[in-house]
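**Q** First the structure, then my questions, so here it is.
The values are calculated or read from the model by the stated rules, or taken from the named source; none is laboratory data. Since the model is a prediction, treat every value here as computed from it, not as a measurement. Ideal geometry is used to build each Cβ from the backbone, glycine not excepted, and the neighbour counts take in all protein chains shown. Just the protein is used for accessible areas: all its heavy atoms, side chains included, with ligands, DNA and RNA removed. Shrake-Rupley method; radii C 1.70, N 1.55, O 1.52, S 1.80 Å.
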Amino acid sequence: MGLMDSLKKATGLGLSHGEHYNRAFEKGVLLGPTMYGEAVKLFDHAARKATEVGDGETQARAIANARLYSFIGTGSPDHLTDLRRALDTIPQIEAIGSQTEFIPTDTLKVEIDARVIEQRIRGVHDDQHLELAGLHQNAADTFRQIFQAPLVTYRFQRSDPHTETAQSRYFFHQGLANWHQALNAVLSDPEVAAEQMGKALASFRQCQDDAWSGRAQTWLAGCRQRRTCWLCHRECQGATVHFSSYAAVVTPYVAALVTRLGQDTSSIDLGSGQIVLCRTCGSSMERIADQFAAQQAGAVRAELLGQLSRVTSVMDDLAVRVRTLEIRSVFR
C-alpha cells in the first residue's frame, strides 16, 4: 500500500463510497465493541456517499449497519424501526463484529419484529393482564417463526437470561402469556386459572427458567388449595385470593369440637392461632375493624384537640401575666 493509500485510509479523504464502507469496519467494527460508536459514524458517512453516487445497495447496507451498531451500543429501541426498514432491501448482512461472515436478514428481521413487541410490553402496567397476555403471545408467535435460529442481538442487549435461541424466547413469552391469562382468570374461575398456570409452568421449565418456574409453582399450589370459611362455611378455592388466614383465639376445645362435628379441620390452626375466612367475610371484617379504628381515632383526636386548646389558653394567659410583670418592673 502506497503513502497516498495510507493517508486515505487514515483520514478518509478521497475515498470512494465503497472504501468508506470498508473503512467503517477497519476503523470501527473490527476494533471491538468499544469502537462501535465510531463505526456508526463511519457507516452513516458511507451511506451519504453511496446516496450521492446512486448506489442503493451499499446505501442500504451502510444504513442497516449504522442502525444495528447504534442499537447494539446503546440499547435504544429508537433505532429498531430504521433498522427493520433497511433490512427489507438486502438479503444478508455482516455478522456483528465481522466483515467476512454473513447472516440472512430474513431471520434478523423477525428478531427485530419480536424486539419491537417486547418494547411495547414494557410500556404496559403490570396489572393489565389481558393486554400483556396478548402481547406476550404475539412475541411467542413471532419467535416461533425462527424457532431453531440462534439470536443475533440478545447477547449484546438483554433484560433476561434467554439470549441464545429463538426457541428459548418462544417458551419464555409463551409462559408469560399463560401467566397473565391465569392472573386474569383467577378472580372469576380458579380452575381455569390453575390450568393456565400449569401451562405457564411447563413453558418456563422448557426454557429452563428456574426463577419463573418457582413463582409459577408456588402460585399454582396456592390456587389449587381449597378451604372452608369459618364464618359462612362455604368452600373456596385459591389461597390469598379467595381465602386467607386471620389471627384468632383457637382453643383445644374448639379444635376438638370441629373434629367431633365432622367439619373441615383445615379451617382452623390451633398451633398458630388462626382461622380461615373467605375473601368476602374477611374483607367485611377488615372494613368493620377499619371503621371502628377510625371512630376511635376520631374520638382520641377530638379529646387531644380539646386538651391542646385548654393548654394553649393557659399558655396565653401566662404570657400575658409575664408581660404585665415585665412592664411593672420597668416603672419601679
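**Q** For segment 193-218, which residues satisfy the criterion of being assigned to a helix (DSSP H, G or I), surrounded by 19 or more Cβ atoms within 10 Å (Cβ to Cβ) and of a type in the set (A, V, I, L, M, F, W, C)?
**A** Ala193, Ala194, Met197, Ala200, Leu201, Phe204, Trp212, Ala216
**Q** Another question about this same structure. For segment 117-137, which residues satisfy the criterion of being part of a loop (DSSP other than H, G, I, E, B) and of a type outside the set (Gly, Ala, Ser)?
**A** Matches in segment 117-137: Val124, His125, Asp126, Asp127, Gln128.
**Q** Tell me, which strands (runs of 3 or more DSSP E) lie completely within segment 219-313 with 3 or more residues that are open to solvent by less than 50 Å² (accessible area, probe 1.4 Å)?
**A** The qualifying strands (runs of 3 or more DSSP E) are 274-278.
**Q** Which is acidic (Asp, Glu), modelled with pLDDT under 95 and open to solvent by 20 Å² or more (accessible area, probe 1.4 Å), of Asp106, Asp141, Asp160?
**A** Asp160
**Q** Six or more apart or on different chains, Cβ atoms under 6 Å: show the pairs whose first residue is in segment 265-280 and free of Cβ contacts under 8 Å to residues at least 40 places away in the same chain and whose second is in a helix (DSSP H, G or I) and open to solvent by 70 Å² or more (accessible area, probe 1.4 Å).
**A** Sorted first by the residue in segment 265-280, then by its partner, the pairs are Thr265/Thr259.
**Q** If you don't mind, there's one more thing I want to ask. State yes or no: is Leu132 more than 27 Å from Lys27 (Cβ to Cβ), aliphatic (A, V, I, L, M) and buried (at least 19 other Cβ atoms within 10 Å of the Cβ)?
**A** For Leu132, the condition - more than 27 Å from Lys27 (Cβ to Cβ), aliphatic (A, V, I, L, M) and buried (at least 19 other Cβ atoms within 10 Å of the Cβ) - is met.
**Q** May I pose another question? Determine whether Ser70 is closer than 29 Å to His173 by Cα and open to solvent by less than 30 Å² (accessible area, probe 1.4 Å).
**A** Spelling it out, Ser70 is indeed closer than 29 Å to His173 by Cα and open to solvent by less than 30 Å² (accessible area, probe 1.4 Å).
**Q** Another one. Which residues, taken from segment 48-67, are closer than 17 Å to Glu111 by Cβ and open to solvent by 10 Å² or more (accessible area, probe 1.4 Å)?
**A** Arg67
**Q** Which one of these is at negative phi and either part of a strand (DSSP E or B) or surrounded by fewer than 18 Cβ atoms within 10 Å (Cβ to Cβ) (or both): Ser188, Ser168?
**A** Only one candidate qualifies: Ser188.
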